[in-house]
Every structure is written in structure tokens, then in C-alpha cells.
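Below is one structure, written out as C-alpha cells; the observations come after it.
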Ligand code: GDP
């Protein structure tokens with residue numbers, strides 16, 4: 001998709017605020033610092049429309065972006081902050097679970113993991129959760145530019161093994177630095193929207 005138009009529609013604190021539109025939605029999830037904002041900005045050709053909230057405690061909103069007046073990206077707050085309280089973590093879990101299990105417009109979740117590292121426990125939980133609810137997943141391995149080409153395969157297989165990756169899901173190596181994977185990611189998203 002060639003994107004000229006993208007805008008934030010709402011930072012929703014509660015489901016009542018989710019847009020009442022029928023646009024297909026693609027949610028994006030990953031641990032904080034994985035490169036999720038960079039991924040969104042790369043796909044929509046912006047430098048900084050999507051921003052990390054930066055601080056734990058500001059993690060309870062779903063940010064809806066309207067793209068080309070035809071689909072929503074739904075930015076899910078990053079997980080994995082060490083300092084977040086149990087109560088906050090539970091609230092986060094509840095919000096995500098409610099959205100993912102009940103939102104009719106949701107077509108797929110882009111699940112981002114850092115290509116340099118073995119997936120964290122939370123990365124694995126997120127993937128298992130999506131599989132359990134039979135949500136189509138587009139797995140994006142970020143920061144590919146930080147890994148020498150000769151080691152790509154090794155890193156990909158470590159990630160797939162840890163996640164018990166379903167070969168029916170898309171797996172995309174991505175870099176916001178080199179734009180590697182950008183077209184592939186759009187292709188995967190467009191396929192999910194059409195399904
Ligand atoms: P978020 O917290 O998941 O939204 O992560 P950000 O997009 O804010 O990125 C976190 C940090 O990783 C920033 O310093 C980015 O510049 C860096 N980063 C993100 N994507 C890439 C990438 O593809 N390659 C490299 N080398 N750095 C990246």
C-alpha cells in the first residue's frame with residue numbers, strides 16, 4: 001500500500017472510545033523497545049507519528065491510527081516493563097484480552113520480536129495467546145540490520161523454535177533502518193485485510 005494519509009484517531013482508554021467504524025484493524029504488539037513505533041512509522045512513511053509512550057504507567061491506551069481512510073493500525077502498549085506493578089499488568093492483560101477476543105474488525109496481529117534475542121517469556125505468551133484464539137499472526141523480527149546476513153537463518157530458527165511457530169503464519173525479517181521487509185509486511189497486511 002502506498003501511504004500518503006495517516007492520522008491518529010484516538011488514544012482510547014476504554015472500549016467505549018474505540019471507533020465505531022467497520023474499517024479492518026491490524027493490531028501491533030511487542031515488548032517495549034522492540035521497534036514497534038519505528039515499524040509503524042516506516043510503513044506509513046512518517047518520521048514520528050507513532051511514538052512510544054515512554055513511561056510505565058502510561059501504558060493503558062490503545063492508539064488507533066487511520067491509514068488511507070481504509071484501515072486502522074491499533075498500537076498496543078508495549079509489554080515487558082520491569083517496573084510495572086502487578087495491578088497495572090493485570091489491567092493491561094485485561095484490556096488486550098478484551099480487545100483481541102471481542103473486536104470484530106480485527107483481522108490480524110503483527111507480533112514483533114527483536115531478531116537479536118531469543119523471544120522472552122512474554123513474547124512466547126503473547127504468541128500462544130494469539131494462537132489459542134486463532135488470530136492470524138504476522139510475526140515481525142525487528143532490527144535485522146544489526147545481525148550479519150550469515151547469521152540470519154540461525155536467528156530465525158531460534159525464534160521459530162522458541163515460539164513453536166506455526167508455518168501458516170507470516171514471518172518477516174524487518175529493519176526500519178534499511179526498510180528491509182517493508183513491502184513484504186504491507187503485502188501480508190493486505191492479504192489479511194482481504195481474507
Ligand atoms: P518501541 O518502544 O517498540 O516503539 O520501539 P522504538 O520504535 O521506539 O525503537 C526502540 C529503539 O530501537 C530506538 O532507539 C530505535 O531507534 C531502535 N530501532 C528500532 N527499530 C530499529 C531497526 O530496525 N534497526 C535498528 N538498528 N534500530 C532500531
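No value in this document is a laboratory result; all are computed from the given coordinates. All values derive from a computational prediction rather than experimental measurement. Using ideal geometry, Cβ is built from the backbone for each residue, glycine included, and neighbour counts are taken over all protein chains shown.
Data overview
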item	result
Residue 153-residue 60 pseudo-label distance in nm [points 7 Å out on the Cα-to-Cβ vector]	4.9
Three semi-axes of the equivalent ellipsoid, the stretch 141-191, Cα gyration tensor, whole Å, largest first	18, 17, 7
Nitroxide proxy distance, nm - points 7 Å out along Cα→Cβ at residue 103 and residue 179	2.8
Residues 143, 182, sorted so that the one with the fewest Cβ neighbours within 10 Å comes first	182, 143
Within a Gaussian network of the chain (alpha carbon springs, distance under 10 Å), most fluctuating of 107, 131, 86	86
Antiparallel bridge percentage (DSSP; both residues within the chain; nearest 5)	35
Three-way shape label, the chain, alpha-carbon gyration tensor, a/c 1.5	rounded
Gaussian network model of the chain, springs between alpha carbon atoms under 10 Å - residue of 133, 18, 99 with greatest fluctuation	133
